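Below is one structure, written out as structure tokens; comments come after it.
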Amino acid sequence: MSQRRKFIKQSLLGSALLLPGLSALNSQASPLKKSSGTKPLILSTWVHGLPANADAWAKLKQTGSILDAVEAGVRNTELDMENLSVGLQGLPDREGITTLDASIMCGDGSCGTVAFVRQVKHPISLARAVMEKTPHVMLVGEGARQFAIAQGFPMEEEKLSPNAQKEYDKWKVTSKYKPIINIENHDTIGMIGLDAAGKLAGSCTTSGLSYKMHGRVGDSPIIGAGLFVDDEVGAATATGLGESIIRICGSFLIVELMRQGRSPQEACEEAVRRLVAKNKNIKDIQAGFLAINKEGEVGAFAVHPGFNYAVATESGNVLVDAGSQFKP
């Protein structure tokens, strides 16, 4: 059983004790009814979104900034040693090197991203520094590392976490590359939030596909693919196989569909249909989307069953099963 599957079980059994106000997984809940028209509101992908939401909500209450909130929330996941798809503890590429991608965006169009980053514990904060302290949107590789050093980010020892080393050693026996849907190899955390005044922000961070080719970058740091935010309309984020999401500019597509009058749920479902149409071997591809409009209505949908997301409101922090294109 993967580490993420173990974490799901532990979280669902013990979540009520760990997070005040947390409800248990509600597989029957409708995403639209669960938090329709709610402000403020924070959404994030997967079960690791529960503790991430808790940190985001605390930061929102502390500073009043939805941008601060979405950064603080995913920083939690970047430090989670049980998570093998986010942070320096994530599974490495084929060369045994862990590289990270992240993006952050405000509803006014401000954004920053980093890709193929090594030795930085919090790539989401580095992405924010790119947004706020450079004239650029994206820095990658050695250039991103040099910028991190200049900004005072400590360089961590380049060493695999114990869990990642164990899994990498297993993989080297055959060195086969075949992603398995809903398993710990592409479970990005994406987070989007809406404050009481209607301001939006989002974040996305990942260690990417396990055992990817060295230098591979997925959708997470690409504005419009893994994340897109517009105060006039809403926000969307993605998780899953990055190549499939990049091919349809998934998050931008969802926001534009909402601009044209689609509900967040309708927009997510249309994005999944387009993704299915544009990608071969869809039985081996999982991808899911989260969306929120400026009114606080929510949508979520995935290619296959198994995608869930966390919703934090004034009334609590709950895990919800998303719908899917293909039914069991």
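Go through segment 76-90 and give me each residue that's hydrophobic (A, V, I, L, M, F, W, C) and at pLDDT below 95. Break it down into steps so the answer makes sense when it comes.
Of segment 76-90, the ones hydrophobic (A, V, I, L, M, F, W, C) are 79, 81, 84, 86, 88.
Within segment 76-90, 81, 84 meet the criteria.
Taking the listed residues 87, 152, the one that is at positive phi, assigned to a loop (DSSP other than H, G, I, E, B) and in contact with a strand residue (DSSP E or B) (Cβ under 8 Å, 6 or more places away or on another chain) is 87, with no other qualifying.
Return yes when residue 12 is assigned to a strand (DSSP E or B), at pLDDT below 95 and either among the aliphatic types (A, V, I, L, M) or more than 21 Å from residue 192 (Cα to Cα) (or both) and no when it is not.
Working: assigned to a strand (DSSP E or B): no; at pLDDT below 95: yes; either among the aliphatic types (A, V, I, L, M) or more than 21 Å from residue 192 (Cα to Cα) (or both): yes.
Taking the combined requirement at face value, the residue does not satisfy it.
Every listed requirement among (1) surrounded by fewer than 24 Cβ atoms within 10 Å (Cβ to Cβ); (2) modelled with pLDDT of 95 or more; (3) closer than 28 Å to residue 100 by Cα is met by residue 52 save one, (1). When the residues of segment 42-60 are filtered to those that are part of a strand (DSSP E or B) and either under 21 Å from residue 197 (Cβ atoms) or without any contact (Cβ under 8 Å) to a residue 60 or more places away in the chain (or both), the one that is nearest to the chain's Cα centre (by Cα) is 44.
So which residues in segment 291-328 are part of a loop (DSSP other than H, G, I, E, B) and either closer than 20 Å to residue 234 by Cβ or over 18 Å from the mean Cα position of the chain (by Cα) (or both)?
Filtering segment 291-328 down to residues part of a loop (DSSP other than H, G, I, E, B) leaves 294-297, 303-307, 314-315, 322, 325-328.
Of everything in segment 291-328, those that are part of a loop (DSSP other than H, G, I, E, B) and either closer than 20 Å to residue 234 by Cβ or over 18 Å from the mean Cα position of the chain (by Cα) (or both) turn out to be 294, 295, 296, 297, 307, 314, 315, 322, 325, 326, 327, 328.
Can you find even one residue in segment 275-289 that is outside any loop (DSSP other than H, G, I, E, B), in contact (Cβ under 8 Å) with a residue 60 or more places away in the chain and touching a Ser or Thr at 6+ places or on another chain (Cβ under 8 Å)? Yes, segment 275-289 contains a residue that is outside any loop (DSSP other than H, G, I, E, B), in contact (Cβ under 8 Å) with a residue 60 or more places away in the chain and touching a Ser or Thr at 6+ places or on another chain (Cβ under 8 Å).
One line per residue, one yes/no per condition, for (1) over 25 Å from residue 136 (Cα atoms); (2) touching a strand residue (DSSP E or B) at 6+ places or on another chain (Cβ under 7 Å); (3) not aliphatic (A, V, I, L, M):
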| residue | (1), (2), (3) |
| --- | --- |
| 209 | yes, no, no |
| 223 | no, yes, no |
| 228 | no, yes, yes |
| 238 | no, yes, no |
| 243 | no, no, yes |
| 254 | no, yes, no |
| 275 | yes, yes, no |
| 287 | yes, yes, no |
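For segment 290-307, a residue qualifies if it is in contact (Cβ under 8 Å) with a residue 60 or more places away in the chain and either closer than 22 Å to residue 37 by Cβ or surrounded by fewer than 21 Cβ atoms within 10 Å (Cβ to Cβ) (or both), and the qualifying residues are 290, 291, 292, 293, 294, 295, 296, 297, 298, 299, 300, 306. Is it true that some residue in segment 108-122 is closer than 30 Å to residue 170 by Cα, in a helix (DSSP H, G or I) and in contact (Cβ under 8 Å) with a residue 12 or more places away in the chain? There is no residue in segment 108-122 that is closer than 30 Å to residue 170 by Cα, in a helix (DSSP H, G or I) and in contact (Cβ under 8 Å) with a residue 12 or more places away in the chain.
For segment 132-144: of the residues being of a type outside the set (Val, Ile, Thr) and out of contact with any helix residue (DSSP H, G or I) (no Cβ under 9 Å at 6 or more places or on another chain), which is surrounded by the fewest Cβ atoms within 10 Å (Cβ to Cβ)? Selected residue: 135. Just so you know, in segment 98-107 the residues that are among the small types (Gly, Ala, Ser) and not in a loop (DSSP other than H, G, I, E, B) include one that is surrounded by the most Cβ atoms within 10 Å (Cβ to Cβ), and it is 103.
Confirm whether residue 22 is touching a Gly at 6+ places or on another chain (Cβ under 9 Å) and either at pLDDT below 95 or more than 24 Å from residue 236 (Cα to Cα) (or both). The answer is yes for residue 22. For residue 37, the criteria (1) on the phi > 0 side of the Ramachandran plot; (2) without any contact (Cβ under 8 Å) to a residue 60 or more places away in the chain hold in every case but one, which is (2).
The values are calculated or read from the model by the stated rules, or taken from the named source; none is laboratory data. Keep in mind it's a predicted model, so treat the numbers as computed, not measured. Don't worry about glycine lacking a Cβ; one is built from the backbone with ideal geometry, like all the others, and counts go over all protein chains shown.
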